[in-house]
1. Return yes or no: is Val62 over 19 Å from Tyr198 (Cα atoms) and either in contact with a helix residue (DSSP H, G or I) (Cβ under 8 Å, 6 or more places away or on another chain) or modelled with pLDDT of 80 or more (or both)?
2. Taking into account only those residues within segment 90-137 that are in contact with a helix residue (DSSP H, G or I) (Cβ under 8 Å, 6 or more places away or on another chain) and in a helix (DSSP H, G or I), which is surrounded by the fewest Cβ atoms within 10 Å (Cβ to Cβ)?
3. When both residues are 6+ apart or on different chains and their Cβ atoms are under 6 Å apart, which pairs have a first residue that lies in segment 404-417 and is under 12 Å from Leu127 (Cβ atoms) and in a helix (DSSP H, G or I), and a second that is modelled with pLDDT of 90 or more and of a type in the set (Ser, Thr, Tyr)?
4. How many of the residues making up segment 482-530 are part of a helix (DSSP H, G or I) and either surrounded by fewer than 23 Cβ atoms within 10 Å (Cβ to Cβ) or within 21 Å of the chain's Cα centre (by Cα) (or both)?
5. Answer with yes or no whether Trp602 is modelled with pLDDT of 95 or more and out of contact with any Phe, Trp or Tyr (no Cβ under 6 Å at 6 or more places or on another chain).
6. If you go through segment 179-203 one residue at a time, how many are aromatic (Phe, Trp, Tyr), more than 21 Å from Leu391 (Cβ to Cβ) and crowded, with 17+ Cβ neighbours inside 10 Å?
7. Anything in segment 88-129 that is among the polar types (S, T, N, Q), over 22 Å from Gln219 (Cβ atoms) and in contact with a strand residue (DSSP E or B) (Cβ under 8 Å, 6 or more places away or on another chain)? List them, or say none.
8. Quickly run through segment 441-467 and pick out the residues that are of a type outside the set (Phe, Trp, Tyr), surrounded by 15 or more Cβ atoms within 10 Å (Cβ to Cβ) and touching a helix residue (DSSP H, G or I) at 6+ places or on another chain (Cβ under 6 Å).
Amino acid sequence: MRLTTLFSLIVLSAAMALAGPRLVPSSNIEGDVNIDGDVNIADVNAVIDVVLSGRFDPHCDVNGDGDVNITDINRLIDLIFRGPVTPIVDAGMYMGLIGYNQSLVTKEISVLDTLSVTDYYDYVTSLTCQPGRLLYYSVDQALNKLNKAQHPENLKNVAIVTFTEGLDQGSLMMTDKYETEAQYAQALKTRITNEYVYGRPIKAYTVGLLNENVKDANQFRSNLYSLSSDSAMAMEVTNMADVDTKLQKIADDLVSHNMYEKLTLVFPGVGTGTRIRFTLDNVDAATVEESQVYIEGTFSLKTRSLTDITYQGLTCPAGDSVAASSVDGMYVSLVFDGIQLNSEEPIEKDNIQEWYWVEDLNSWTLSTEFSASRIPDPEGYYSSTLVMLVLDCSSVLNEEFGELQTAANNFIDRMMNYTSAPDTTVVVPGLYTVNGVSFQMVDVEGGTFTMGVDNETVFAGEANIDELPAHEVTVSSFAIGQTEVTQELWQAVMGANPSQLNDDPQRPVEWVSWEDCQEFIARLNELTGMNFRLPTEAEWEFAARGGNMSSGTIYAGSDNIDDVAWYYFNSNNENRPVATKGANELGLYDMSGNVYEWCSDWYGNYPAEPQMDPAGPEEGYYRVYRGGSSYCIIRDCRVTSRFRDVPGDESRASDIGLRLAL
């Protein structure tokens, strides 16, 4: 350590002891290593500790050169004597991009808006294919850039989104910190899991294209999980169309839950100890106990506050006690800032009502002195995010590289809507959200097809006799779930998860009977106001075949079962997160394998004559389920295979779930 640095440290310590800490209003300042809102000797000590330990901490890389050494200490001292600079950063979407092959091409993090979006398009267009795959090094640098980025005060999400078309090749040559690829991958997993960027955890998504260029599938999958913050965020696909779909899904995940509202409630003060409930979902005296969205607490006349607050159907950082912002005669005003409804819908002022609990009646009574017209309109605003998009530009992509560029620009388009006002937000057709969980329905155009198989197929031993006779069926247009119902969605609707294998919310729900599914659907329809149902057996087979776009494959989307299905020989006898295999012609996932899917029909023999929107027999003993499962042999995953079981509790199994229809 140079003498000037030692002398500066001595002078600095003495000066700061006399002057005390110099606080600034934000931790988004250069040199605030420990992110406590000021720059002082504590930050210097933190950097010295890292230098002496020989480890790397991106927060201590003050000058941003990829290393921590004496130059960072000198830079800190200069900042302390000169005074830190707090940049003014507007709220919004902040994005950076890295394209990698044998080198890195970087677009630094900056605000993404209508004025700058052309720069992002131009950057993506300028990327070219070259040999090399600096996968680990690129993710490492992306994490460093997130740590160094300026950020708005209302920052909520910090994310890295990586697309890879293979394995790493060359990252070890870019650093002397690691001896093996496994060490580098583990170091990145540790950073992603344990590191915080300005106090926010890192959401890390990885989309991996598994094709003939990948020679080590196990290492490929290991990379996906190492570079993701959660197993559900490691997404394996087999074609570029699915890359686009996954990137859109990630964008939707990042932009969801980003609108907040400020709600001011104006109501007459009441006696101390009175329980008050403000319902936000337009209930009446008969249904107030069943309200799904409310703020409830106990009023304190002395402090003019609501205490012991509980929030139902919404989140709010205001806490369990909120004091009056103002008092006007008999009226008290309480401000709840940062409200977010689980439904992701804006608050409807006209739905708000005040109720108070009457002990003698043991019931809620509507307040006649409260009027929604007295309260101001809820104020909506949006949080901000930092995201790095990392793109594999290896030359092995060849002619598919243009499709990657299109997918990247589509991702940018979707992220552009991050701060859209509610009335201009892009509505995704068929996307529904319940209690904060979204699911996608896919429109299926009606048509005519041949259901079942012919006699020759059965006599050859390639199908079962109950798939006879082949007969003409016409179905009307309908919608069907893009995936099976996930455990996350079941939990959001029912408040519990019955699944036996329940370590990942993106796995399909299972251990559900046909009757359980009816209860789930009834509850879902109450929450959404829709008319979801199970598909008929005919609708299911038409959709599995690919509808009017069918290419006549044996399985749902391919004649090669490994492309589209989790089954006995590749699943290790357990279901997998939905949409981790390829889709069929309609963009539907897992209609072959993973878990069986209940249909609405009673089980019975097929008729020989043509049918229009058949719904199965009028009565029966068994209900139909279709599709095969992760336990099934290849033969049982065909789009024509039929299965049956009783509708009650006895049919629950770890490989039977459901898919919605509408």
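The values are calculated or read from the model by the stated rules, or taken from the named source; none is laboratory data. Treat the numbers as computed from the prediction; the structure is a model and nothing was measured. Using ideal geometry, Cβ is built from the backbone for each residue, glycine included, and neighbour counts are taken over all protein chains shown.
1. Details: over 19 Å from Tyr198 (Cα atoms): no; either in contact with a helix residue (DSSP H, G or I) (Cβ under 8 Å, 6 or more places away or on another chain) or modelled with pLDDT of 80 or more (or both): yes.
Judged against the criteria, Val62 is not a match.
2. My answer is Thr125.
3. Listed by first residue and then by second, the contacts come to Asn409/Tyr121.
4. If we filter segment 482-530 for residues that are part of a helix (DSSP H, G or I), which is where we start, we get 487-494, 514-528.
Now restrict to residues that are either surrounded by fewer than 23 Cβ atoms within 10 Å (Cβ to Cβ) or within 21 Å of the chain's Cα centre (by Cα) (or both): 487-494, 514-516, 518-528.
Qualifying residue count for the region: 22.
5. Working: modelled with pLDDT of 95 or more: yes; out of contact with any Phe, Trp or Tyr (no Cβ under 6 Å at 6 or more places or on another chain): yes.
So Trp602 passes the test.
6. To start, the set of residues in segment 179-203 that are aromatic (Phe, Trp, Tyr) comprises 184, 196, 198.
Pick out the ones that are also more than 21 Å from Leu391 (Cβ to Cβ) and you get 196, 198.
With the extra rule that they be crowded, with 17+ Cβ neighbours inside 10 Å, the set shrinks to 198.
Counting residues in segment 179-203 that are aromatic (Phe, Trp, Tyr), more than 21 Å from Leu391 (Cβ to Cβ) and crowded, with 17+ Cβ neighbours inside 10 Å gives 1.
7. First, the residues of segment 88-129 that are among the polar types (S, T, N, Q): 101-103, 106, 110, 114, 116, 118, 125-126, 128.
Filter once more, keeping what is over 22 Å from Gln219 (Cβ atoms): 103, 106, 110, 114, 116, 118, 125-126, 128.
The answer is Ser103, Thr106, Ser110, Ser116, Ser126.
8. Answer for segment 441-467, where residues must be of a type outside the set (Phe, Trp, Tyr), surrounded by 15 or more Cβ atoms within 10 Å (Cβ to Cβ) and touching a helix residue (DSSP H, G or I) at 6+ places or on another chain (Cβ under 6 Å): Val444, Gly447, Met451, Gly452, Val453, Val458, Ala463.
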